[in-house]
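Only one structure is covered here, and it is reproduced in the block below.
The values are calculated or read from the model by the stated rules, or taken from the named source; none is laboratory data. Remember, it's a predicted structure, so these values are computed and weren't measured experimentally. FYI the Cβ positions are ideal-geometry reconstructions off the backbone, even for glycines, and counts take in every protein chain you see.
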Amino acid sequence: MELIVATTVGVLTAGGVYLLLRLRTFPVILGLALLSYAVNVFLFASGRLAIDQSPILSKYGEATYTDPLPQALVLTAIVISFGMTAVLVMIGLGAYLEAESDRVDIEPETPDANDQGERT
Amino acid sequence: MHWIILPVVLPALLAPLIGFVMRHDIVLARTASVAGTVTFLAIAVGLTSMAADGTTHVYRLGDWPAPFGIVLVLDRLSALMLLLTATLAVIVLIHAIATGWDARGRHFHALFQFQLMGICGAFLTGDIFNLFVFFEVLLIASYGLMIHSGGKERMRAGLQYVIMNLAGSTLFLFALGTLYASTGTLNIADLAARMPEIPVEEAALVSVASILLMIVFAVKAALFPVQFWLPATYSNAPAPVAALFAIMTKVGAYAILRVHTTVFGPGAPGTESLAGTWLFPAAIVTIAVGAFGVLGARRLMPLIAFSVVGSMGTMLVAVAAFSTTATTAALYYMIHSTLAAACLFLIADLVVTRRSADTLEAEPATVQNGLFAALFFAAAIAMAGMPPLSGFLGKLLVLDALQEPGFMVWAWSAILVGSFLTIVGFARAGSILFWKSTALAVPEEQTDVDVTAEAPPPATTAQVAPVVLTLAALAVLAIFAGPVSAYLDNASAQLFDREGYVEAVLGPVEED
């Protein structure tokens with residue numbers, strides 16, 4: 001279980017970082033989405049992994065429980081990253097339509113030869 | 001005692017109202033926005049006088065006891081930050097309205113209020129996860145403000161800014177997860193209380209969280225090596241927004257001060273000297289980056305943006321010492337550099353909009369060349385740190401606080417050489433913009449019609465007023481340096497009083 005979760009977080013993060021370092025908007029957005037998935041799983045695991053446990057203390061007996069706080073944190077993080085991804089897509093689209101180029105690096109002095117956008 | 005939450009609630013209520021109800025009526029939106037911001041300034045003054053007596057005021061949301069519910073904490077430092085934010089907000093708002101920037105796109109005032117909400121929340125909160133949430137609030141508002149009124153370069157710079165900060169937010173969450181996994185709490189006071197009891201095998205994990213948080217705050221504070229987003233962002237943002245962003249870098253610096261003294265401060269095994277060790281060299285390089293940037297900039301807005309980078313370096317050098325005297329110096333310099341940077345951006349806006357392009361090339365003198373030259377000269381003196389304005393006192397305090405042998409050589413040489421390069425850079429820019437231009441005659445071959453058609457309107461009193469107000473504030477800061485630094489002395493003493501903070505938030509400590 002630990003191995004699966006750790007591998008998932010690791011692979012998602014590695015993929016996210018790789019895509020984040022691309023120069024075009026779409027891979028970067030995908031990379032950030034992957035990173036946010038990775039961090040959600042990571043946050044979920046930060047309360048220690050417990051299987052088949054309820055997230056509340058039991059009055060009866062010594063039943064263990066799974067930590068409910070990370071679940072609340074993950075919920076907040078999911079909502080925020082969802083909203084942020086939407087904003088990023090809109091701004092990325094806006095930048096693409098304005099500049100006619102989806103490169104994320106700014107090189108106003110020496111425009112890329114491959115760039116089909118107008119030269120500044 | 002609900003005053004503490006008002007700086008968050010007031011803009012939070014006002015912003016949707018402006019955004020939804022007043023969006024078609026710019027006059028109504030302006031009135032509401034100004035009224036809200038002035039009210040916020042009044043509240044900030046009230047809160048500062050409330051905090052000045054030295055008690056740490058705690059506001060428990062929903063009256064849940066501290067480690068379980070979210071708390072807002074008002075002490076001298078956070079009150080000071082609120083007051084600075086409010087002052088800056090009023091000045092920037094006057095400029096935005098007087099120059100008509102707010103009408104060049106939609107929802108300026110709504111976003112402005114959301115931005116204030118996020119900044120105030122970040123300064124007040126006593127819970128690290130809540131700090132993350134307020135960071136996101138202020139960031140999402142700043143994304144909107146950054147690309148306000150659009151344009152090719154602005155959209156691209158805005159996209160970079162958003163990507164940079166989203167990556168930063170992800171890192172913030174990783175840091176919080178690590179911290180929660182090793183301590184089981186995210187309340188700042190509770191973390192501070194538990195930190196000395198961290199078992200040795202968990203100490204490494206806590207160090208990782210500490211450095212991750214440092215990187216996240218460094219992104220906000222534009223510290224080397226994650227400062228590269230700042231010049232592109234600030235120089236392409238609308239000028240009033242760039243002036244407001246002067247406080248955003250300070251949110252990062254404030255977070256470093258708060259978290260790395262209270263939580264990872266003295267007594268925390270493994271992390272107590274970690275922050276200073278990494279922060280100090282990074283801040284030294286930041287000063288160098290800022291100074292060379294000022295020297296090499298080819299446009300006015302990037303030049304000012306690089307001077308902001310340099311000033312953040314100077315401030316964080318003092319923060320890195322993590323002592324009360326150095327923190328006092330850092331706070332004094334912070335107030336100064338926020339106002340000075342905002343002032344420069346506002347002047348640059350007045351100048352650049354009257355020129356054909358934002359390039360440092362001689363052009364025939366525009367209207368009111370003398371007035372703009374005088375204002376720019378005063379603001380550049382302030383930013384570079386020459387007498388008589390508060391920049392000189394701020395740098396003097398920083399130098400005076402860093403007299404330990406380990407710090408002195410690097411800090412003094414970096415700050416002094418950096419200041420010199422900044423002076424040269426500003427002098428070069430100023431003389432090209434205002435002095436050489438007077439030597440150029442208006443080309444004769446142009447027809448009179450063209451000249452009159454293209455002649456920019458002179459700046460109105462309302463447009464110059466915010467700049468003069470900021471310069472006046474800097475002068476006041478220099479004249480009342482004694483009382484101000486006495487207050488800051490108390491603020492930094494309170495900041496380093498971990499036990500007092502923990503006791504105020506969690507209640508009296510039970511000995512066990």
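Miscellaneous remarks
- Some residue of region B:206-216 being away from chain A (no Cβ under 14 Å), without any contact (Cβ under 8 Å) to a residue 24 or more places away in the chain and either buried (at least 24 other Cβ atoms within 10 Å of the Cβ) or over 24 Å from B:Leu72 (Cα atoms) (or both): no
- Within region B:140-179, the set of residues being closer than 24 Å to B:Pro231 by Cβ, among the aliphatic types (A, V, I, L, M) and within 8 Å of chain A (Cβ to nearest Cβ) comprises B:Ile140, B:Ile147, B:Met155, B:Ala157, B:Leu159, B:Val162, B:Ile163, B:Leu166, B:Ala167.
- Counting only helices (runs of 4 or more DSSP H) that sit wholly inside region B:1-104, those with at least 3 residues that are of a type in the set (Ser, Thr, Tyr) are B:26-51, B:76-99.
- Matching option when the condition is farther than 24 Å from B:Asp190 by Cβ, surrounded by 13 or more Cβ atoms within 10 Å (Cβ to Cβ) and within 23 Å of the chain's Cα centre (by Cα), among B:Ala15, B:Ala51: B:Ala15
- Matching entry among B:Phe217, B:Phe245 (being over 17 Å from B:Ser307 (Cα atoms), aromatic (Phe, Trp, Tyr) and assigned to a helix (DSSP H, G or I)): B:Phe217
- Across region B:390-402, the number of residues qualifying as crowded, with 24+ Cβ neighbours inside 10 Å and under 13 Å from B:Ala475 (Cα atoms) comes to 3.
- With respect to the conditions (1) closer than 21 Å to B:Leu402 by Cα; (2) over 16 Å from the mean Cα position of the chain (by Cα); (3) in contact (Cβ under 8 Å) with a residue 24 or more places away in the chain, B:Pro302 falls short on a single one, namely (1).
- In the set (1) within 9 Å of chain B (Cβ to nearest Cβ); (2) among the small types (Gly, Ala, Ser); (3) surrounded by fewer than 21 Cβ atoms within 10 Å (Cβ to Cβ), A:Ala50 fails one condition alone, (1).
- Filtered residue count, region B:227-242, keeping only those that are over 11 Å from B:Val308 (Cα atoms), within 14 Å of chain A (Cβ to nearest Cβ) and aliphatic (A, V, I, L, M): 2
- For region A:80-98, the candidate set comprises residues that are within 7 Å of chain B (Cβ to nearest Cβ) and under 13 Å from B:Ala157 (Cα atoms); within that set, the residue that is nearest to the chain's Cα centre (by Cα) is A:Leu88.
- Restricting attention to region B:364-406, the residues being assigned to a helix (DSSP H, G or I), hydroxyl-bearing (Ser, Thr, Tyr) and modelled with pLDDT under 85 number 0.
- Candidates B:Ala237, B:Ala203: the one that is in contact with a Pro (Cβ under 6 Å, 6 or more places away or on another chain), farther than 23 Å from B:Thr327 by Cα and either touching a residue at least 60 places away in the same chain (Cβ under 8 Å) or among the small types (Gly, Ala, Ser) (or both) is B:Ala203.
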